[in-house]
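The next block holds one structure in the form of structure tokens; read it before the comments.
Nothing in this text is a laboratory measurement; each read-out follows from the coordinates by a stated rule. Computed from a predicted model, the values in this text were never measured in an experiment. Backbone-built Cβ (ideal geometry, glycine too); neighbour counts: all protein chains shown.
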Amino acid sequence: KFILTATKSRRMKMVEPSTPAISSQNQQSKEQKGSNSSSQQRLPNTTICVPIVYGSIAFPLKKPDSSNNTHQWTLYVRGPNNEDLSVGIAKVVFQLHPSFLQPIRELTAPPFEVTEKGWGEFDATIRIVWRDAGEKAMVLTHPIKLYPPLPVPGITTPATTAKEGDPVIHDFYDEVVFTDPNESFHKQLMQSGTLPKIKSQSEAVQEFFKPHSDEDNFKVLLEAQKFLETELKSVKDRILKADSARAELDEALAVAVSKRSPPSRSSASTSSSAGTKRKSSKSTGGSASRKAKTS
């Protein structure tokens, strides 16, 4: 949970080369207009990683508008350090809640982002189409968050320390790995480090597009580890105390049972046998005396 409540998480996605079906060639050629041909030579035993950040940022409105909207949010796909992802991405298709006008938004140039106003949270779909027609489009589901997550005791994250009025940032860091990529596609992706930075259309949003750093994730993981260690020690102490209390209770119960238990069967049978013998002896003596008197 503490990982999911953090503003960023690290994942890895593998993209395998796809073989387009004959029946969908027209659709794929339409989607991949201007992209490279998948018939070009591929590079065997080669992988290349494309880091991306996708998510949403929501700003609370000072007061609800005429449509009862409470927040203005932006859904986006960007580079971890604001790199131009269009070198590898042909287009991004955002699918919003059906209640929005034109819920499907298609962007073919950066910045890949959609800004709207709303009052409720929902799951949006993000479809990333690559410039190589031989690579499968990547489909992501992202929950747009308007309110910060509940704090977890012992764990501090930027989301839980945000002040009132601060935006709610809910995004993820991904690394998309292409195996045996197309040669020209590989060359294009290798140029991403030298391309200019892309800014958001909103200065308020751009202000919170900080460069991605593993240090933030590392700090969250360290705090989570400390929290788990503390909780584990507390649970162990409670178990030891419970075991000790149970042992004392068992001992007291055994003493109480021993004091209230009736005599055992063996003791009762021994006493009964002894009483029978004594009675028999008395009866024998009485018969002998009667015989003597008769004679």
For segment 48-168, the dipole about the Cα centre with charges only on Cβ (Lys and Arg +1, Asp and Glu -1), to the nearest 20 debye, works out at 120 debye
Unit charges on C-beta of K, R, D, E only; dipole of segment 52-113, Debye: 200 debye
Loop GluC sites (Glu not before Pro), segment 188-251, which have at most 16 other Cβ atoms in a 10 Å radius of their Cβ (DSSP): 207
Residue 195-residue 69 FRET efficiency (beta carbon distance; Förster radius 41 Å; 0.05 resolution): 0.70
If you split all Cα-Cα distances of segment 161-220 into 10 Å bins from zero, what percentages do you get per bin, shortest first? 14, 35, 32, 15, 4
Can you list the residues, at least 5 places off or on another chain, whose amide H is less than 5 Å from the amide H of residue 90, using H built in the peptide plane? 129, 130, 131
Label model pair residue 221, residue 256: point-to-point distance (7 angstrom along the Cα→beta-carbon line) in nm is 5.3 nm
Cα-based shape type of segment 34-127, given that a ≥ b ≥ c are square roots of the gyration tensor eigenvalues and the cut on a/c is 1.5: prolate
Using alpha carbon centers only, segment 102-130 is separated from segment 187-239 by a whole-angstrom value of 23 Å
